[in-house]
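Participant: One structure follows; several queries about it will come next.
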Amino acid sequence: MKGTNLGEFEEVVLLTIATLMTEAYSVAICDEIERITDRKVKLGVVHSVLNRLEEKGFVNSQLGEATKVRGGRRKRFFEVTHAGKATLQKVKSQRDELWNLIPEFNLKMI
Amino acid sequence: MSNKSAHQPPRWADRFLEWYCRSEILEDLQGDLYEHFERNTISKGKRKARQIYWLDVLKFFRPYTIKKFKIVNNITSFIMFKNYFKTSVRSIARNKLFSAINVFGLAVGMSVCLLMITLFMEVRSYDRFHKDADRIYRINNIYQSLDEDPNYFASTSIIAGKRLQEEVPGIEASVIMRRNFVGDATLGDKIIPISGIYASDDFFDVFSFKVLQGNPSTALIEPYSVVLTDETAAKIFDAGVDPLNQIIKIKDKDFKVTAIVEKPPFNSHLKFQSLASFATHESEESQRENSNIMGWTNMWMNYCYMKLAEGTTVKQVNERLAKISEEENQKFDRINIQFALQPILNIMTGPDLSNQIGDSIGGEGLWVFALLVFVVILSAGFNYTNLSIARSLRRAKEVGVRKVVGATKGQIFSQFIIEACIISIFSLVLAYGLLLVLKPYFLNLAPEIQQTLHLDIEPKLFIYFFLFALLVGLLAGLFPAILLSKLKAAQVMKGVSNTKLFSKINLRKVLLVIQFTLSLVFIISASIAFKQYKYALAFDLGYKTENVLNIELQGNDVDQVKSLYEAIPEVSEISESSHMLSVGSRWGSDIKYEDPMDSTSLWYASIDENYIPMMKHKLLAGNNFEARPLQKEEGEIIVNEATIKRFNVGTPDEAIGKYLNVDDKKLRIIGVIEDFHYAKISDGIECFGFRYDPIELYNINLKIASTDLIGTMKKLESAWIDFDPVHEFKATFYDDRLQEAYADYSVMFTLVGFLAFLTMTIASLGLLGMAVYTAETRVKEISIRKVLGATEGSLVTLLAKGFMWLLVISAAIAVPLAYYFFDSVILQDAVNRANIGALELLGGVLIIFTIGFITIGSQTWKAAKANPAETLRNE
């Protein structure tokens, strides 16, 4: 395994799972990312990322209850594991550190 | 599309997804795709949504979604194959009787199937050697006069061919041909009789016969050009002489040899020894001042083949031809001739047509044979299925253990299929041996079969044989394999009673009933065909054929041959005739009475004045022909009763002296004879007349008054050889020719009889197997009954009753079926036919019952006789 590095898109997906709380399943994740980032997200991409995150141990998944929609198929709900949370924290603190190093005027340009 | 499917994603995409996707992620992945699909249906419409669904399914085909254990699974089944093979062979070896019944039954059935495959492949290979054979077609004529049924001919008119060449576009090449180019080829003192076809100059553009010498494109242009096959050329010319451009005399005309072709291959429907240019025929006819050569109704001896240009469709040509026939038909009130194109590849197997130029086996016969053979192999397959299901009670435990150890349904299924295939491959070996035995008998069934078929077994065929054996194994083993693979391990191991496991076993009875019904139908058919054959031979034709010998003159002078045989004392009477009647060939011409619009076909034979008394035809009124010199114009006719009835001429006596118009000749009726069967007895009696036209006398008929027929024949033959050393002595007794003419009945009853024997054997084997099995499984029950006081007789009745019932049911189905089939389908059109009697119908039933009773009885008797102490001892 490639270690526990978190790619950019992986990070977005992981954060989205965290924001969606108990409603985090693939289609919903897809929609949420589209809404926030305003970019087209393919289901296939999200799927493979979820699969990878699960392999890395950042998320857990469970099948939900069967419903009448989706042709009776159950949804797979995801939640962020402890390791996932820790990694998110780590990434955030690394970013924050970098942010703090940036001289103030540079950002006022925007 | 229905409303429901509007909300369903594409079914095949779903299947595909289910096939490749790992089960762990299949459910939610599919669910996601469904959700997307529903959303897309609303936003983008049904069509688009289905497309996207397909794309998505394909896109999800990724390493992480694909089932992982696929390869592993394949390896295990490969390893297991060895085990299946071993257990199968052991199981086959353990049940020697059942395996023998299976192998032998299948082999018998398969042997005729192999024959069929060989036959079929050979017939299919016919005419394929022509380049672009798929573009070569023949014009067939459909001839209809008045409201009579249309007749189908392979021949057409010359004018049709000419107009095709001139008016129809999109034809690469076309050739007009005419049969009956016959004559003696003379070169120096050598005289060789040859026969062939007249063919127009494009012959070699349409067909791909191999030209060895000469220029194929010019060989058939000039009149009196002849193309010889290498075989014929070798007969005429001495070795070392170059035959090309030599002059030979045929029919007293000088012909130039313009090309040498290879002898037509065996699998060509067209066979010839020589080709004469069509211009020869035209020049011959103009010398004879035959004005009808381009006639629309001159369609009995000519043929037209064409090669369509690439891109031309049959429909286009047919449309143009329909226009031509419409124009030409307008000139005739009562005759309607239509064209139909027939692909050359279809000639061998196509419909039965009159006036074929070459060989044709006839599609109908082929399909009937195929059907019968199919029935035989079906019966053999049933045997296997039946016995396997019966035996499967014993194999249930094995299946249970395998399942407990972890075998899947598919593995059990393939195990039993493999077992069936092993049996069928054993059978194939035996069947091939049987095929080699059968082949010569089949080829000798009828002379025509020998001419058209060789039944060479090419290496390619072995592949088909092998595939066929696998298919048989697969189909025969299918049902038992399904049944066994469905067993639940827990049930089997707990020992739930067998009857519960195999509640569907009624199928066995159904299969047995079908087998015996088929056997019965076969036997009944064979006996009816045999009776019809006997009936045809014993039929009173209306004249006497005993001891009448027909000799073909083959171009010799009638009077010389006559004087030759008058000198032989055993010959009591001599007459002359055009051809033999009642054996199938018919000569026809057009006949009218007073109304010029009312014409019909007159079938006729030309005879001399001695013919009618010799053949003992009964004259109802008038007189026989009188002897008259050769040159005198034909002016008289003797007709049958049907003719004067057809034209309402009146009584036979009134008809004498009236004139009939035959082929535009006025002929006076000088006699009326009683109706007789001039055609085959299955045809009715129509207008028939005897004519006196010395030009058409091709046969001489001798009445032999001697008890030593063989000796007399020898005498006659040696007299002929002294007289004409060139031509073979061609003589046949009338009765022999009649027998030959009805050979199709004899072929039919031989074939059907043989197949009946096969199905009978197979079905009896099956019955034997079932009886043995029943006796075996019920041996304890029988012993207990015996201990309790049952008699042996009552035990036999008990065991045999069930089977005998099945036979009774089969008979109840088969007898009416066979009767109906023959009465209303096969013999319906035949005018004269033997009645189907109780003997034919019930004889078969009796045979089946006897065989069935012996088979079942012997087994049950053995079981009933067994000593209860022996069978009950070991528990």
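Participant: Do we find that B:Ser572 is in contact (Cβ under 8 Å) with a residue 60 or more places away in the chain, surrounded by fewer than 17 Cβ atoms within 10 Å (Cβ to Cβ) and assigned to a strand (DSSP E or B) in this structure?
Facilitator: yes
Participant: Give me the strands (runs of 3 or more DSSP E) completely within segment B:616-699, filtered to those with at least 1 residues that are buried (at least 21 other Cβ atoms within 10 Å of the Cβ) and either touching a residue at least 40 places away in the same chain (Cβ under 8 Å) or within 41 Å of the chain's Cα centre (by Cα) (or both), ordered by residue number.
Facilitator: Passing ranges, in order: B:636-640, B:659-662, B:665-673, B:688-691.
Participant: Kindly check whether there is at least one residue in segment A:3-24 that is within 14 Å of chain B (Cβ to nearest Cβ), crowded, with 20+ Cβ neighbours inside 10 Å and modelled with pLDDT of 85 or more.
Facilitator: Kept after step one, since they are within 14 Å of chain B (Cβ to nearest Cβ), are these residues of segment A:3-24: A:23-24.
From the residues that got through so far, the ones that are crowded, with 20+ Cβ neighbours inside 10 Å too are A:24.
Checking the rest, the ones that are also modelled with pLDDT of 85 or more come to A:24.
Checking segment A:3-24: at least one residue is within 14 Å of chain B (Cβ to nearest Cβ), crowded, with 20+ Cβ neighbours inside 10 Å and modelled with pLDDT of 85 or more.
Participant: For segment B:528-563, give me each residue that is surrounded by fewer than 17 Cβ atoms within 10 Å (Cβ to Cβ) and of a type in the set (Lys, Arg).
Facilitator: B:Lys534, B:Lys544
Participant: Would you tally the residues in segment B:700-712 being under 38 Å from the mean Cα position of the chain (by Cα) and without any contact (Cβ under 8 Å) to a residue 24 or more places away in the chain?
Facilitator: Result for segment B:700-712: 1.
Participant: Which residue is farthest from the other protein chains (Cβ to nearest Cβ), if the candidates are limited to segment B:3-59 and must be farther than 25 Å from A:Leu63 by Cβ and of a type in the set (Lys, Arg)?
Facilitator: Only one residue fits best here, namely B:Arg47.
Participant: Check B:Gly802, B:Gly793 and return the single one that is touching a Lys or Arg at 6+ places or on another chain (Cβ under 9 Å), farther than 25 Å from B:Gly109 by Cβ and in a helix (DSSP H, G or I).
Facilitator: Result of the check over B:Gly802, B:Gly793: B:Gly802.
Participant: As an exercise: evaluate B:Phe85 against (1) surrounded by 15 or more Cβ atoms within 10 Å (Cβ to Cβ); (2) modelled with pLDDT of 85 or more; (3) assigned to a helix (DSSP H, G or I) and give the number of the one condition it does not meet.
Facilitator: (1)
Participant: Out of all the residues in segment A:81-93, is one or more more than 14 Å from chain B (Cβ to nearest Cβ), part of a helix (DSSP H, G or I), surrounded by 20 or more Cβ atoms within 10 Å (Cβ to Cβ) and of a type in the set (S, T, N, Q)?
Facilitator: Yes, segment A:81-93 has at least one match.
Participant: B:Gly311: surrounded by fewer than 20 Cβ atoms within 10 Å (Cβ to Cβ), under 29 Å from B:Pro169 (Cβ atoms) and either touching a residue at least 12 places away in the same chain (Cβ under 8 Å) or in contact with a strand residue (DSSP E or B) (Cβ under 6 Å, 6 or more places away or on another chain) (or both), yes or no?
Facilitator: On the way: surrounded by fewer than 20 Cβ atoms within 10 Å (Cβ to Cβ): yes; under 29 Å from B:Pro169 (Cβ atoms): yes; either touching a residue at least 12 places away in the same chain (Cβ under 8 Å) or in contact with a strand residue (DSSP E or B) (Cβ under 6 Å, 6 or more places away or on another chain) (or both): yes.
So B:Gly311 fits the description; yes.
Participant: To continue, here is another question. Need pairs with beta-carbon distance below 6 Å; first residue of a type in the set (Phe, Trp, Tyr) and within segment B:535-550, second surrounded by 15 or more Cβ atoms within 10 Å (Cβ to Cβ); sequence gap 6+ or separate chains.
Facilitator: Final answer for the pair search is B:Tyr535/B:Ala834; B:Phe539/B:Ile681; B:Tyr543/B:Met615; B:Tyr543/B:His617; B:Tyr543/B:Phe676.
Participant: Quick one: is B:Ile101 part of a helix (DSSP H, G or I) and in contact with a Gly (Cβ under 6 Å, 6 or more places away or on another chain)?
Facilitator: Spelling it out, B:Ile101 is indeed part of a helix (DSSP H, G or I) and in contact with a Gly (Cβ under 6 Å, 6 or more places away or on another chain).
Participant: Taking into account only those residues within segment B:160-195 that are over 23 Å from B:Gly358 (Cβ atoms) and assigned to a helix (DSSP H, G or I), which is nearest to the chain's Cα centre (by Cα)?
Facilitator: By that ranking, first place goes to B:Arg163.
Participant: Still on this model: Which of the following residues is touching a Phe, Trp or Tyr at 6+ places or on another chain (Cβ under 9 Å), farther than 30 Å from B:Ser379 by Cα and surrounded by fewer than 22 Cβ atoms within 10 Å (Cβ to Cβ): B:Leu119, B:Leu187?
Facilitator: Selected residue: B:Leu187, the only one of B:Leu119, B:Leu187 that is touching a Phe, Trp or Tyr at 6+ places or on another chain (Cβ under 9 Å), farther than 30 Å from B:Ser379 by Cα and surrounded by fewer than 22 Cβ atoms within 10 Å (Cβ to Cβ).
Participant: A further question follows. Do the conditions hold for A:Glu55, that is, is it surrounded by fewer than 16 Cβ atoms within 10 Å (Cβ to Cβ), modelled with pLDDT of 85 or more and at the interface with another protein chain (Cβ under 9 Å from one of its Cβ atoms)?
Facilitator: Answer is yes for this residue.
Participant: For residues that are of a type in the set (Ser, Thr, Tyr) and at pLDDT 80 or above, scanning just segment B:792-839, find the one that is surrounded by the most Cβ atoms within 10 Å (Cβ to Cβ). Explain how you work it out, then say what you get.
Facilitator: Looking only at segment B:792-839, we keep the residues that are of a type in the set (Ser, Thr, Tyr), and these are B:794, B:797, B:810, B:819-820, B:824.
Okay, now just the ones that are also at pLDDT 80 or above, so B:794, B:797, B:810, B:819-820.
Working: B:Ser794: 13, B:Thr797: 14, B:Ser810: 25, B:Tyr819: 16, B:Tyr820: 10.
Among those that are of a type in the set (Ser, Thr, Tyr) and at pLDDT 80 or above, it is B:Ser810.
Participant: Do the conditions hold for B:Arg124, that is, is it in contact with a strand residue (DSSP E or B) (Cβ under 6 Å, 6 or more places away or on another chain), closer than 30 Å to B:Leu341 by Cα, more than 14 Å from chain A (Cβ to nearest Cβ) and not β-branched (Val, Ile, Thr)? Working first, answer last.
Facilitator: On the way: in contact with a strand residue (DSSP E or B) (Cβ under 6 Å, 6 or more places away or on another chain): no; closer than 30 Å to B:Leu341 by Cα: yes; more than 14 Å from chain A (Cβ to nearest Cβ): yes; not β-branched (Val, Ile, Thr): yes.
It is false that B:Arg124 is in contact with a strand residue (DSSP E or B) (Cβ under 6 Å, 6 or more places away or on another chain), closer than 30 Å to B:Leu341 by Cα, more than 14 Å from chain A (Cβ to nearest Cβ) and not β-branched (Val, Ile, Thr).
Participant: Looking at segment B:370-387 only, could you name the residues that are small (Gly, Ala, Ser) and surrounded by 24 or more Cβ atoms within 10 Å (Cβ to Cβ)? Talk me through it step by step, then tell me what you get.
Facilitator: Here is the first cut: in segment B:370-387, the ones small (Gly, Ala, Ser) are B:370, B:379-381.
Scanning segment B:370-387 gives B:Ser379, B:Ala380, B:Gly381.
Participant: Can you spot a residue in segment A:61-79 that is more than 14 Å from chain B (Cβ to nearest Cβ), surrounded by 12 or more Cβ atoms within 10 Å (Cβ to Cβ), under 17 Å from the mean Cα position of the chain (by Cα) and more than 23 Å from B:Glu18 (Cα to Cα)?
Facilitator: Filtering segment A:61-79 for residues more than 14 Å from chain B (Cβ to nearest Cβ) gives A:79.
Checking which are surrounded by 12 or more Cβ atoms within 10 Å (Cβ to Cβ) leaves us with A:79.
So of that shortlist, the ones also under 17 Å from the mean Cα position of the chain (by Cα) come out as A:79.
Filter again for more than 23 Å from B:Glu18 (Cα to Cα), leaving A:79.
Yes; the residues of segment A:61-79 include at least one that is more than 14 Å from chain B (Cβ to nearest Cβ), surrounded by 12 or more Cβ atoms within 10 Å (Cβ to Cβ), under 17 Å from the mean Cα position of the chain (by Cα) and more than 23 Å from B:Glu18 (Cα to Cα).
Participant: Could you list, in sequence order, the residues of segment B:341-369 that are of a type in the set (Asp, Glu) and either in a loop (DSSP other than H, G, I, E, B) or surrounded by 16 or more Cβ atoms within 10 Å (Cβ to Cβ) (or both)?
Facilitator: Residues satisfying the conditions are B:Asp352, B:Asp359.
Participant: Moving on. State whether the residues of segment A:30-52 include one that is in a helix (DSSP H, G or I), under 16 Å from A:Thr81 (Cα atoms), more than 9 Å from chain B (Cβ to nearest Cβ) and not β-branched (Val, Ile, Thr).
Facilitator: Yes, segment A:30-52 has at least one match.
The values are calculated or read from the model by the stated rules, or taken from the named source; none is laboratory data. Values in this document were obtained by computation on a predicted structure and should not be read as measured data. When we count neighbours, we look across all protein chains shown, and the Cβ atoms used for this are built from the backbone with ideal geometry, even at glycine.
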